[in-house]
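For reference, the structure is listed below as structure tokens.
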Amino acid sequence: MIHNHRMLRVVPFAAAVLLALAVAGPARGASPTTAVARSGMGGSTYVAGAGLPDGIDVSHWQGFIRWHKVAAAGVDFAIAKATDGTWMVDPRYARNEARAEANGIFFTAYHYARPTTATNDAVKEADFFVKNANLTGDNLVPALDIETSGGLDRHQLRGWVLSWLDEVDQKLGVKPMIYTSPSFWAYYLGNTQIVARRGYQVVWVAHWGVYKPRVPAKDWNKNGWTYWQWTSQSHVAGIYGHVDRDWFHGDDLTALTIGSMRAQSPD
């Protein structure tokens, strides 16, 4: 995923060390907890991710992934790109889904948003995503990756995002999560809390090189972060080159599956 680097907040020394570590990436196959401990910054959950489930997010840019090696490296969950706009299905998605699940990794999909002012554009993108993601109750709740405005103003973009989320909620019977950076949400959506207030409480924050992520929309309407993409420059066994790395802010990924979330929702 591509994000706005200009707004990354780097605090002195320790965060600078963390940023350097993130750029270098942990040793192939090492967990982020182990890697950060080597830097002498263990002891803080937000820095080291001690005990937090460890995840990755991928797309066709990662090429051919050897998922058995990813699983053996201790990766707990994976979020893979399924669709882009209304025209592109990620060519690696079907294999990524099948092989990640076969190797016991919690899995879900994300949709890369391409907002436009065309009639029912958000609904069409949502339907395209649901059709091609092939998610079941055992999968984690899916994500809307919103990192471009498509030229929409704040009011229009808020409406677009809510329309996409509402359509997926109607089709899957579960509320999706939002993937965003603090700077994007603040600038293009006015740091609105309306999404969280409408019941979309799961946010996946992209914020690199910091002790802990800055969560938009006033700490996502006091819900805090659920997933944190803490670097784009990590290494994991089974994947050639760099890969995004994520932490889950909890100890039970099962609670965030579509089936579990449906069971918790009021009729």
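The values are calculated or read from the model by the stated rules, or taken from the named source; none is laboratory data. Values in this document were obtained by computation on a predicted structure and should not be read as measured data. Note that each Cβ is placed from the backbone with ideal geometry, even for glycine, and that neighbours are counted across all protein chains shown.
Annotations
Matching residues to (1) among the polar types (S, T, N, Q); (2) touching a Pro at 6+ places or on another chain (Cβ under 7 Å); (3) under 28 Å from residue 142 (Cβ atoms); (4) modelled with pLDDT under 75:
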{"position": "16", "(1), (2), (3), (4)": "no, no, no, yes"}
{"position": "21", "(1), (2), (3), (4)": "no, no, no, yes"}
{"position": "54", "(1), (2), (3), (4)": "no, yes, yes, no"}
{"position": "57", "(1), (2), (3), (4)": "no, no, yes, no"}
{"position": "96", "(1), (2), (3), (4)": "yes, no, yes, no"}
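The rows are residues; the columns are (1) farther than 20 Å from residue 77 by Cβ; (2) at pLDDT 95 or above; (3) touching a strand residue (DSSP E or B) at 6+ places or on another chain (Cβ under 9 Å); (4) crowded, with 22+ Cβ neighbours inside 10 Å.
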position: 143; (1), (2), (3), (4): no, yes, yes, yes
position: 155; (1), (2), (3), (4): yes, yes, no, no
position: 159; (1), (2), (3), (4): yes, yes, no, no
position: 163; (1), (2), (3), (4): yes, yes, no, no
position: 169; (1), (2), (3), (4): yes, yes, no, no
position: 172; (1), (2), (3), (4): no, yes, no, yes
position: 185; (1), (2), (3), (4): yes, yes, yes, yes
position: 190; (1), (2), (3), (4): yes, yes, no, no
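- For segment 134-158, the candidate set comprises residues that are aliphatic (A, V, I, L, M) and not in a strand (DSSP E or B); within that set, the residue that is nearest to residue 205 (Cα to Cα) is 146.
- Filter pass, residue 257 being buried (at least 18 other Cβ atoms within 10 Å of the Cβ), modelled with pLDDT of 95 or more and under 18 Å from residue 110 (Cβ atoms): yes
- If the condition is being buried (at least 18 other Cβ atoms within 10 Å of the Cβ), small (Gly, Ala, Ser) and out of contact with any Asp or Glu (no Cβ under 7 Å at 6 or more places or on another chain), then segment 123-141 contributes only 133.
- The criterion of at least 3 residues that are of a type outside the set (Val, Ile, Thr) is met, among strands (runs of 3 or more DSSP E) falling completely within segment 164-267, by 227-234, 243-248.
- Total residues in segment 56-95, condition touching a Leu at 6+ places or on another chain (Cβ under 9 Å) and not hydrophobic (A, V, I, L, M, F, W, C): 1
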